[in-house]
Structure formats: structure tokens, C-alpha cells
Amino acid sequence: MHSTFSKYDLQTLAPLLGSVARVIAGGSRLAEAELNVLFLAAGIDTDPEVVGEVRRWREMLLALTLDPSPERRYATAEGLKIRGQPEEAAEAAVAMVADAALARARRPRAMPLVEQSSVRAEAVAADGNGRALAVRQPLSSSPAQLDFGALRLGEGASAELRVRGGPGWVVVDHPDVRANPPLFAGGTCIIRVDLSPPPDDVSSSGLVDLVKKMLHPPELITSLKLVTDTEMLDVPIRAMWLVHQTAGWDVLWRPLAFSLFVSVLIGAVIRIGYSALLLLLSRAMAMDMASTLLFVLLVVPALLGILVVNIVRIFKIASSRTVCVLSAFVSTLGFVAGHLGVDQLLVWLSRLG
């Protein structure tokens, strides 16, 4: 919801937002003493409502300096608009702070030696005037490479990369790889690497595509680059997606039952067609030859076809060898049952006749 003030309207506060942004863009953390100077200059040092609002701006813009990514810039600008700031003023403040943060991350600097754990671990040198300076560490990462191993098709993954050295930024060339945050400020920091799966879904794949994925699983081989003004480090990334899915019997019984039903139906239809064609062919050739010809050309292809279709359907649900063998058995059983069922029906009808 928009912020409301009893004394100071939004138009009056817009220049103050610009001042806050300029101070933070200059590298200040805008401590309370500095903030009080701005309050005093604007004549609002005694208005608690406005003081709280400006402090909220400060926190939003300081958070932006740690992650000036496009997504964070957009969210911060929207947040300032929600607080009632004009669109132009909000976007100008965000651009000023984010651009300054990116510029600082790209230029080398010698940090004054301070009592911080990330700096104490760095080597200490002295400049020509004898002042102590913290020398940046060589750029390194742990682990040295990210191997996500074998993943299930359609599954993403993430990992943490511990980076030492800097400041610098992360360069990712592959659209399925994202690094957050995209900057590292020096010392030791952790970067989260997210991996998106390739746009393939085994449940919608045809037989040819499914076989291709089984024989040649989708694989990602790329790298992300850790870059400073003086160094660049490649971190290899590798992942593979396998056609592998699991499902319980509470899910499998329905497709297995459907496979059995379809197999019985097809077996019955093939048996009726077999009998009709056998009757026709027996007039032109010997009965044994006609029976063998129909078995090879009609029964066997029909059985193989129903086996392949049912196994592929089950494989998309659970790529287990045991389940596939069970599907083949159920399909064969159903086909034979349908075939023999028609035989028994014909025998029963002949007896009635």
C-alpha cells in the first residue's frame, strides 16, 4: 500500500530520495549520523513518520548494492513506487545505486586493512608511504568444477560455489545456468548455481524420441567464468539427464490393467480376422501354408506391435526393467487370452449349431 504522511507530501520527499541514492552510490552505508544530516537539511529531523520512511528507502537501496541484478533492480524500483514515490524518481535512484555498485565491482582496489575475518586471511603489503594495505587473494573456487552427475529427465539441480578473491563478477554463457548473486565483493563468498533441465518431457515423447534419449541422454557441458580486472577463472559445469522415472503399484495398476484389456481386445480381433482370411486363402492354397502365412504376416506383427506400444507406455511412467518385463507378460497374456477366447466362442457356437 502507498505510504501516507501527515505533514510532508510525496513531491517534497522525492528530492530526498535522490539525496539518499547519491550518498549510497558514493559508497557510503549511510549510517545514522549521515542520515541525520540529511534529515536536518530537509527540516524533518523531528518527524518520526518520515524518518521511518527514509530509513526504509535506505535499507532497500543498500540491499541493491549487494545484488544489482536486473531482477533486483526491477523489484527495488517497484518497491519504491509502492511506497508512493514517482516512477521517474524511483527508477533514477535505483539506476544510480545499481550502476555504481557494478562499477565498483569491476575496478581494482586496495582495501585498508581492517579487523574482519575475510580480510585478516589476506596477505599484507605496504605501499611507498608505509601504509598497510590488504592485497587481494588469488582467485579460486571450491569446488574447482561443478559436476551434477546423472539427473532424471525434466529435473533441475543447484549447487553452492565458494569463491575466494575478487572483487569481481560472474559470466554465464549458457541459458540453462544461472548464478546468484552475479557479483562477489572480495574475501570469501558463496554463489548459488542453478541448473534448469532441457526442454524435454519423456511423457510426451514418441517412440523414436524416447529411444534416442535412452541411447544418447541429453548432456550439458559448459562453464561459468569468475572475472576480476586482473584474473579470470573457468569453473567447468557438467550434467546429464537420464530417462529414469519411478512409480508405485498404486499408480501402475491402472495402465497395466488397460494394457491387459487392449491386448485381449486386439487378440480377439486378430483371431477373427485370421479365421476369415484363412477361409479365403484356403481356396487358393493348402490349409497349412495359408495358416503359416497368416501367422507370420498377421499374428506375429500384431503381437509385437502391442508389446512395443504397451512397454513404451509403461516405460514413460516407470522406467524399471522389472515393470517393463511385467508389461510384456501382461500384454502377451492378454493377446493370447483374446485369441483363445474367440476359439472357444467359435467352438461353443458350432456346438449350438
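The values are calculated or read from the model by the stated rules, or taken from the named source; none is laboratory data. Since we're looking at a predicted model, the values are computed, not measured. Glycine gets a Cβ as well: all are built from the backbone with ideal geometry, and neighbour counts include every protein chain shown.
The set of residues in the range 22-53 that are in contact (Cβ under 8 Å) with a residue 40 or more places away in the chain, over 23 Å from residue 186 (Cβ atoms) and in a helix (DSSP H, G or I) comprises 22, 49, 50, 53. Of the residues making up the range 237-264, those that are in a helix (DSSP H, G or I), at pLDDT 85 or above and crowded, with 16+ Cβ neighbours inside 10 Å number 4. Look at (1) at pLDDT 75 or above; (2) of a type in the set (Asp, Glu); (3) assigned to a loop (DSSP other than H, G, I, E, B) and you find that residue 200 fails only one, number (1).
Quick check on this structure: which one of 273, 267 is part of a helix (DSSP H, G or I), touching a His at 6+ places or on another chain (Cβ under 8 Å) and either modelled with pLDDT of 85 or more or at negative phi (or both)?
Working: 273 fails: touching a His at 6+ places or on another chain (Cβ under 8 Å).
267 is the lone residue from the list that is part of a helix (DSSP H, G or I), touching a His at 6+ places or on another chain (Cβ under 8 Å) and either modelled with pLDDT of 85 or more or at negative phi (or both).
Only one of the listed residues (4, 12, 76) is at pLDDT 85 or above and among the polar types (S, T, N, Q). That residue is 76. When you check residue 124 against the structure, is it farther than 30 Å from residue 240 by Cα, modelled with pLDDT of 80 or more and β-branched (Val, Ile, Thr), yes or no? Against the criterion (farther than 30 Å from residue 240 by Cα, modelled with pLDDT of 80 or more and β-branched (Val, Ile, Thr)), residue 124 does not qualify.
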